[in-house]
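So the structure is just underneath, and the comments pick up after that.
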Amino acid sequence: MARIIDGKKIAAKIRVEIAEGVQELKKKRITPGLAVVLVGDDPASRVYVSMKEKACAEAGIFSDEYKLPAETSEKKLLALVEKLNNDRKIHGILVQLPLPPQIDTEKVLEAISPFKDVDGFHPYNVGRLSVGKPLFKPCTPYGVMVMLKEEGVELSGKEVVVIGRSNIVGKPVAMMCLAENATVTVCHSRTKDLPSVVGRGDVVIAAVGKPEMIRGEWLKEGAVVIDVGVNRTGEKKLVGDVDFAGASARASAITPVPGGVGPMTITMLLHNTLESARRSS
């Protein structure tokens with residue numbers, strides 16, 4: 001039976017270290033500041049933003065929240081981003097996605113200063129990550145890498161299979177694994193014979209967004225499984241992209257959903273905000 005990788009426990013440990021770092025900076029009269037912009041009233045986004053606020057308060061990070069109506073124009077949002085770019089109290093800017101249809105998401109993300117882009121989505125930061133000189137690493141992939149390190153999973157020389165090719169998780173986590181000298185295969189919906197490709201993985205990172213798509217019998221015996229997916233079933237139950245019961249019978253270690261990768265995402269957002277504040281000191 002697989003060992004459970006406890007994301008809550010790992011996140012709690014790192015948040016203590018972040019809070020200590022914040023206190024050290026405050027001695028220099030610098031308080032790390034994060035601006036969170038929410039446009040519209042998406043329920044999932046609302047919950048996520050409130051979780052970020054709470055996490056900031058616990059770490060001692062100043063949190064400035066902007067709630068804008070769903071009909072907000074692109075011009076008004078870009079003006080707010082520019083204002084935050086120039087606000088010295090703010091070290092990190094996060095525009096909560098998704099944005100309403102009248103707003104060009106790419107244009108907004110590119111308007112954020114790359115030096116305050118604590119989500120790591122700006123093309124400047126994506127480019128730096130791709131050449132092995134990251135300024136900010138995207139929070140969810142960064143959280144995955146920290147979990148693997150905390151669990152003592154050595155990636156050098158290992159086969160890592162990433163299922164999913166999104167700009168938010170799949171592509172950046174593949175680049176981060178390459179930087180650790182892993183041999184990386186990125187799979188997607190058009191991959192031929194997906195089960196046999198997944199079966200090669202010493203480490204399998206699932207970020208495809210389809211509930212329980214990755215079957216336990218596909219896995220190599222003893223594989224480490226990181227399940228990034230969060231899917232709500234018809235019974236309103238949260239499940240990952242991996243068949244947890246089946247995978248647990250073959251894997252050596254596995255992240256649960258919920259309680260696995262999720263807590264790490266906000267934790268690494270706090271970490272990036274602290275790092276940004278340190279650079280400004």
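The values are calculated or read from the model by the stated rules, or taken from the named source; none is laboratory data. Note that this is a predicted model, so its numbers are computed, not measured. Cβ placement follows ideal geometry from the backbone for every residue including glycine, while neighbour counts extend to all protein chains displayed.
Suppose we keep only residues that are closer than 23 Å to residue 271 by Cβ and polar (S, T, N, Q) within region 99-136. Which one would you say is surrounded by the fewest Cβ atoms within 10 Å (Cβ to Cβ)?
Here the answer is 130.
Need the failing condition index for residue 44 against (1) crowded, with 17+ Cβ neighbours inside 10 Å; (2) of a type in the set (Gly, Ala, Ser); (3) within 22 Å of residue 99 (Cβ to Cβ), just the number.
Looking at each condition in turn, residue 44 falls short on (1).
Would you be able to tell me the number of residues in region 82-98 that are without any contact (Cβ under 8 Å) to a residue 12 or more places away in the chain and either buried (at least 21 other Cβ atoms within 10 Å of the Cβ) or touching a Phe, Trp or Tyr at 6+ places or on another chain (Cβ under 8 Å) (or both)?
The number of residues fulfilling the criteria is 0.
Do you know which residues across region 242-274 are small (Gly, Ala, Ser), assigned to a helix (DSSP H, G or I), closer than 23 Å to residue 152 by Cα and at pLDDT 95 or above?
Passing the criteria: 247, 248.
So which of 197, 239, 186 ends up being under 22 Å from the mean Cα position of the chain (by Cα), among the β-branched types (Val, Ile, Thr) and either at pLDDT 95 or above or surrounded by 24 or more Cβ atoms within 10 Å (Cβ to Cβ) (or both)?
Numbers: 197 fails: under 22 Å from the mean Cα position of the chain (by Cα); 239 fails: either at pLDDT 95 or above or surrounded by 24 or more Cβ atoms within 10 Å (Cβ to Cβ) (or both).
Just a single option satisfies the conditions, and that option is 186.
Mind telling me which of the residues 24, 58, 82, 17 ends up being acidic (Asp, Glu), out of contact with any Asp or Glu (no Cβ under 9 Å at 6 or more places or on another chain) and under 28 Å from residue 225 (Cβ atoms)?
On the way: 24 fails: under 28 Å from residue 225 (Cβ atoms); 58 fails: under 28 Å from residue 225 (Cβ atoms); 82 fails: under 28 Å from residue 225 (Cβ atoms).
It is 17.
Being at pLDDT 95 or above, in the same structural domain as residue 108 (by TED's automatic domain parsing), buried (at least 18 other Cβ atoms within 10 Å of the Cβ) and touching a Lys or Arg at 6+ places or on another chain (Cβ under 9 Å): is that true of residue 49 here? Walk me through it before giving the result.
On the way: at pLDDT 95 or above: no; in the same structural domain as residue 108 (by TED's automatic domain parsing): yes; buried (at least 18 other Cβ atoms within 10 Å of the Cβ): yes; touching a Lys or Arg at 6+ places or on another chain (Cβ under 9 Å): yes.
No: the conditions fail for residue 49.
Considering (1) surrounded by 17 or more Cβ atoms within 10 Å (Cβ to Cβ); (2) farther than 21 Å from residue 149 by Cα; (3) not small (Gly, Ala, Ser), say which one residue 210 fails and leave the rest.
Condition (1) is where residue 210 drops out.
Report, by residue number, each residue of region 160-211 that is free of Cβ contacts under 8 Å to residues at least 12 places away in the same chain and among the basic types (Lys, Arg).
Listed by number, the residues that qualify are 190, 192.
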